[in-house]
Each structure stands twice: as structure tokens, then as C-alpha cells.
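Read-outs: derived from the displayed coordinates by stated rules, not from any lab. Quantities reported herein were computed from a predicted structural model and do not represent experimental measurements.
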């Protein structure tokens, strides 16, 4: 790995050890910074996998106290996963009982491809539904003891119940993303396969599931960033499923993301395959950059990554000191897709459209004040000329 990769080589190697069920070798551990490794394991939602490697390590690498700290965090994550699994089965049973068509998404499906299902950590459960069922679902979930924390505010509705159960019911998968992505997934429910065990539960074909894994991760990667769990998802899925890559290539080209799919597929294989050894990886510059960015982002991205990506996207062609003003203008005054759907008449009116900007700013100050403050703080430190960045 290059000097740029050196700081996180320990984590990459330990993840490789966990994926391949190997005991870490001392000669491949560069620093064994336990504090940072534990922090990054939690940030990437990979504590359970990392713990598998750490507990196999020699005591000269990780003391019994250090191993205990990893074990404690792993048990916390395991508790969350087991509780979620039990509760989600009940929620899906409620939907089935009420004859509501649905499809579980992301982690709840992907966990079945990990060596042990509970190793795939989750922070919430995502379920695709038909938009016309949203009101009925709200009644069912509220009656079952969940609080509706967001309804018709974006492309998904949110429900929460103590101590930790958070569900997002998606009317669509990619609202506000690239138009081609929106169009591609708009009527996706018509292309799904029925689950043979449940009359109203659906799933993707293996190829379409893989495409969605990549697309969902890519959406976050291009926005706020996403973490190393994206690569473990891809690797475990491809290891378990036989994929028709001719079909995948054709579909990815329709979406204009085939180069990204190959990048992340190749990266996952190079990082985690048994042959790689998890150290001294032979990566291209593009792969090294992507791997470092995944490491830097954590599972849910970061404000630093978000500002960098948005700056590149929003100020393309803008020079020098004008970059930040243009960023602020476009970032805070471009109206998101959800407002076009919620307020179609106002959106179409040139005179009334500024009112939507006001509505967005007021809502943002009420519910996202800390996020806006963090973004402005990062933006203030951002170089006026992108060439000044390292």
C-alpha cells in the first residue's frame, strides 16, 4: 500500500483475517492502535467482524484487556441485531396479515450472506412498499406501538419504538438521485419475485439484488460517503451467488454507472479474497483513492466528504474565491425533488417557487440545525481554490 494507505492498513488486514477466518500475524500489523481500531470498527458498523479477528490474535498483538473492550462492543452490536431480527419478523408478519405487499431491503436481506447472520450490523430496517399502502401502514404501525416520526416528508416514512426499533418504509428507492436512477426504479415492484413462503413478500432476482446493493452504496458514496461495510456486503454476496454479469453490465450501462460497479467489484475482491492476504494490496491509484475514502467516511458518511463531493458537483467550472458563494447559493436555494412532488403547483410557478426555498430553510433550521452548522463549519475551512487541497 502507498503511504496514504498506511494509517488504516491494520484495519484492512484485520477485516481480511475476519472474512477469511484467519488469525492475524504480527508481521502484518503496523501500529496496533487499539483506540483507533475500536473507534473505526464502531463507526463502520463492523465491530462483530473485527472482533472475530482480534480474539484470534496473539496476546502480544492485543492484550486480554484490549480483547475485552472489543468483545464488549461486539456484544452490544449483537444485542441490537438480535432484537431487530425478532422485531422485524413481527412487523413483516403484520404486513402479511394485512395483505400488504412489501420487500425488505439492504441489511435485513444481506445478513443472510454473511458467515454468521448477526455479523451484518444494522441501524434500522428498510422496507419497500407500494405508495398507495402508506396510509394503511401508518395505522398498522401506530396501533402496534410505533411512533410515526416522519410521514410524506421524503421518499420514506419513519417509525420508531423504544428501545431502538427504527423502520423506514420506502415508496420509491432513489428519489432525488440521478434521473436515470429514478426512472429505472420507479416501477420496480412490477419486476420483483414473489417470496414462496409469504404471499405478500417480494424479493429481487440475484442479479437485480446485486445491482441494488451497488446502486444504494454508490448513492451514498457520491453524497456523504459510505464505509467499508459496502465492500464486505459486495464480497459476501458475490461469494454466495452466481451472477449473470452480462446482464449486470447491460443494466449498469443503462444507469451510466458500469465503471463504478467494476471499481467496487474489483476492489472488494482484491481486498478480501483469500489470495490477497490482506496486506501489500496491488491497487490502482483509483482503487486506493476509493478505499481511503470508504475508510474515511464510516458507515453513514461524513460532513467532510459531503462538502468535498458537493463542492466538486455544484461548483464545476467555477474558479477561485467564487467557489464558496456558488456552493452556498446552489446548496441552500436549489429545491429538492421531494418539494416538487409535495407542492407541484408552487414548484411550477416561477413567482411562488421562492416560497418553497423559505419552507425548506425553516424546516432545516428546526430539524437539521446541527447538520447545517457542521456543514458551514467545514465549508469555512475548505480552501477557496480546490488545487490547494492535498
- Query: Roughly speaking, what is the centre-to-centre gap between region 76-90 and region 96-173 when only Cα atoms are used, to the nearest Å?
  - Reply: 13 Å
- Query: Using all Cα-Cα distances in region 227-294, what percent lands in each 5 angstrom bin from 0 up to the longest?
  - Reply: 3, 16, 25, 26, 19, 9, 2, 0
- Let me have the relative contact order for region 78-129, percent, based on Cα pairs under 8 Å that are six or more residues apart. 43 percent
- Message: Regarding region 114-155, what's the average projected area of the Cα-atom convex hull, expressed in nm²?
- Response: 4.3 nm²
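What Kirkwood radius, in Å to one decimal, follows from the Cα pairs of region 320-388?
Details: mean 1/r = 0.0736 Å⁻¹.
13.6 Å is the Kirkwood radius here.
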- Item | Translational D in µm²/s for region 255-372 (Stokes-Einstein at 10 °C, 1.306 mPa s, Kirkwood Rh from C-alpha pairs) | 89 µm²/s
- Item | region 66-175: translational diffusion in µm²/s, Stokes-Einstein, Kirkwood Rh over Cα pairs, 10 °C, 1.306 mPa s | 107 µm²/s
- Note on the structure: Per GNM of the chain with C-alpha springs under 10 angstrom, the most fluctuating residue out of 201, 71, 35 is 35
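Once you have the Cα-Cα distance between residue 191 and residue 376, take 0.36 nm times their residue separation minus that, and quote the gain in nm to one decimal. Walk me through the numbers on the way to the answer.
Numbers: separation 185, 0.36 × 185 = 66.60 nm, distance 4.22 nm.
Between residue 191 and residue 376, full extension yields an extra 62.4 nm.
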- Message: Report D for the chain in µm² per second (integer): Stokes-Einstein, Kirkwood Rh on Cα pairs, 4 °C, 1.567 mPa s.
- Response: 57 µm²/s
- Which value results for Rg/Rh of region 54-113 when Rg is the Cα radius of gyration and Rh the Kirkwood radius based on the inverse mean 1/r? 1.24
- Message: Need the full-extension length gain, residue 319 to residue 134, defined as separation in residues times 0.36 nm minus the C-alpha distance. One decimal, nm.
- Response: 62.0 nm
